[in-house]
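Asks: One structure, as structure tokens, below. Some questions next.
The values are calculated or read from the model by the stated rules, or taken from the named source; none is laboratory data. Small disclaimer: the values here were computed from a predicted structure and weren't measured. Ideal geometry is used to build each Cβ from the backbone, glycine not excepted, and the neighbour counts take in all protein chains shown. These accessible areas exclude ligands, DNA and RNA; they are computed on the full protein's heavy atoms, side chains included. Shrake-Rupley method; radii C 1.70, N 1.55, O 1.52, S 1.80 Å.
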Amino acid sequence: MYQNLKGKDLLSLHEITTEDLYAILDLAADLKAKQKAGIEHHLLKGKTLGMIFEKSSTRTRVSFETGMYQLGGQALFLSKNDLQIGRGEPIRDTARVLSRYLDGIMIRTFKHSTLEELAEYASVPVINALTDLLHPCQVLADLMTIKEHIGQYKGKKLAYIGDGNNMAHSLLYGCTKVGMDVAIASPQGYKPDETVVKNALAEAAVSGSVVTITDDVHEAAKGADVLYTDVWTSMGEEAEREQRLKDLAGYQINAALLAEANEGCIVMHCLPAHRGEEITEDVLEAQADVIFDEAENRLHAQKAVMALTMMD
Ligand code: CP
Ligand code: NVA
């Protein structure tokens, strides 16, 4: 099997090569087919993944945990309320201790620097299961879903409508890596991080993607093959909710905006969704096949990441 990711971390799609990205997507499709056919694929027999959660989760927790079982290993759910990090034990000590027991560590946390410190001190692979900056595992599942529903990346356009957040950032990295055009429409004050945009433009210069950063949802939706959105208020931003509802009000995927996109345009959402805010009920339900395929693909994409990073 492909060896380049063995023993490595997955912190950001920007930090892996295009070859690594395709290796993950190819293995994910293979593992999905095997699971559907009932073919055993115990690539991580006897291995243990630790899953540190400092924020809530439905999809990430269940898909990583189930995925690890399907690969023949086991997973430990480690909530910050139960770990000593909740009482002040430094992340660098936690990293070194957990590395003595585990074969891999997955973390969902706030600051991206916490993830980076964990990875620096851990001697086993570390997987980013969402930080305030990035959500790479979601975008691996998204790219898999786009391939399944649209068939190709080059010459196609994804338009992200809403908050320039961790999802917008990882979509910028993922799309530019595979040569897909990407537009981000968000209001002033909610623009994607400048360094992420700069890095994505550098990726685009290699892959040929066109990157558009705009305030104008109509400009973004024009010519789009995928419309994508995410919550206006991310985990940790709850105190800003009222302000965000006002500031992001025009940045919704609804039937009128979808009508401005290309014929056959699909709608994606990483979930959880807030109906009536970033997406309307009718659009979400009409696109449920795509959106729940996207959620399912978290399982297959992450199994590929775990197998490629944690295998012997
Ligand atoms: N999309 C996603 O990561 O969902 P959870 O927060 O439920 O894990
Ligand atoms: N931007 C959202 C993504 C949830 C999967 C958040 O960080 O809460």
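Asks: Of everything in the range 268-302 that's of a type in the set (Asp, Glu), over 17 Å from Gln35 (Cα atoms) and out of contact with any Ser or Thr (no Cβ under 6 Å at 6 or more places or on another chain), which residue is most open to solvent (accessible area, probe 1.4 Å)?
Replies: Across the range 268-302, the extreme among qualifying residues is Asp289.
Asks: Do the conditions hold for Met235, that is, is it away from ligand 2 (no atom under 16 Å from the Cβ) and modelled with pLDDT of 95 or more?
Replies: no
Asks: Sticking with this structure for a sec: What is the number of the single condition among (1) open to solvent by 10 Å² or more (accessible area, probe 1.4 Å); (2) closer than 26 Å to Asp20 by Cβ; (3) aliphatic (A, V, I, L, M); (4) assigned to a helix (DSSP H, G or I) that Met68 does not meet?
Replies: (1)
Asks: Could you count how many residues in the range 170-207 are assigned to a strand (DSSP E or B) and under 21 Å from Leu11 (Cβ atoms)?
Replies: So the count comes out to 1.
Asks: Filter the range 273-295 down to residues that are more than 13 Å from the chain's Cα centre (by Cα) and within 30 Å of Lys47 (Cα to Cα), then give me how many there are.
Replies: Residues in the range 273-295 being more than 13 Å from the chain's Cα centre (by Cα) and within 30 Å of Lys47 (Cα to Cα): 2 in total.
Asks: Yes or no: Leu83 of a type outside the set (Phe, Trp, Tyr), buried (at least 21 other Cβ atoms within 10 Å of the Cβ) and either farther than 22 Å from Ala295 by Cβ or away from ligand 1 (no atom under 15 Å from the Cβ) (or both)?
Replies: Judged against the criteria, Leu83 is not a match.
Asks: Here's something else I'd like to know. Scanning the range 114-166 for residues that are among the charged types (D, E, K, R) and touching a residue at least 60 places away in the same chain (Cβ under 8 Å), which turns out most open to solvent (accessible area, probe 1.4 Å)?
Replies: The selected residue is Lys147.
Asks: Among the residues of the range 47-54, are any in a helix (DSSP H, G or I) and within 16 Å of ligand 2 (Cβ to nearest atom)?
Replies: no
Asks: In the range 42-56, what count of residues is obtained for those that are touching a helix residue (DSSP H, G or I) at 6+ places or on another chain (Cβ under 9 Å) and touching a residue at least 40 places away in the same chain (Cβ under 8 Å)?
Replies: 10
Asks: Among the numbered criteria (1) more than 30 Å from Leu21 (Cα to Cα); (2) touching a Lys or Arg at 6+ places or on another chain (Cβ under 8 Å), which one does Arg275 miss?
Replies: (2)
Asks: In addition: Just the residues that are open to solvent by 50 Å² or more (accessible area, probe 1.4 Å), within 18 Å of Met167 (Cβ to Cβ) and away from ligand 1 (no atom under 16 Å from the Cβ), please, taken from the range 227-248.
Replies: Glu240, Arg241, Asp247
Asks: Another question, then. Out of curiosity, is Leu130 assigned to a loop (DSSP other than H, G, I, E, B) and within 16 Å of ligand 1 (Cβ to nearest atom)?
Replies: The answer is yes for Leu130.
Asks: Taking the condition buried (at least 23 other Cβ atoms within 10 Å of the Cβ) and more than 16 Å from ligand 1 (Cβ to nearest atom), does Ala202 pass?
Replies: Against the criterion (buried (at least 23 other Cβ atoms within 10 Å of the Cβ) and more than 16 Å from ligand 1 (Cβ to nearest atom)), Ala202 does not qualify.
Asks: Just need a number here: residues in the range 5-40 that are hydroxyl-bearing (Ser, Thr, Tyr), surrounded by fewer than 16 Cβ atoms within 10 Å (Cβ to Cβ) and in a loop (DSSP other than H, G, I, E, B).
Replies: Residues flagged as hydroxyl-bearing (Ser, Thr, Tyr), surrounded by fewer than 16 Cβ atoms within 10 Å (Cβ to Cβ) and in a loop (DSSP other than H, G, I, E, B) within the range 5-40 amount to 1.
Asks: Sticking with this one: Considering each of Tyr190, Tyr251 in turn, give the residue that is open to solvent by less than 60 Å² (accessible area, probe 1.4 Å), farther than 24 Å from Ile150 by Cβ and not hydrophobic (A, V, I, L, M, F, W, C). Explain how you work it out, then say what you get.
Replies: Numbers: Tyr251 fails: farther than 24 Å from Ile150 by Cβ.
The match here is Tyr190.
Asks: Please find, among Gly155, Gly164, the residue that is in contact with a Phe, Trp or Tyr (Cβ under 8 Å, 6 or more places away or on another chain) and not aromatic (Phe, Trp, Tyr).
Replies: Within the list Gly155, Gly164, the selection yields Gly164.
Asks: For the range 266-282, does any single residue satisfy the condition of being within 16 Å of ligand 2 (Cβ to nearest atom), part of a helix (DSSP H, G or I) and closer than 30 Å to Ala249 by Cα?
Replies: The answer is no, given that none of the residues of the range 266-282 is within 16 Å of ligand 2 (Cβ to nearest atom), part of a helix (DSSP H, G or I) and closer than 30 Å to Ala249 by Cα.
Asks: Against the definition (of a type in the set (Phe, Trp, Tyr) and part of a loop (DSSP other than H, G, I, E, B)), how does Tyr2 come out, yes or no?
Replies: When the stated conditions are applied, Tyr2 passes them.
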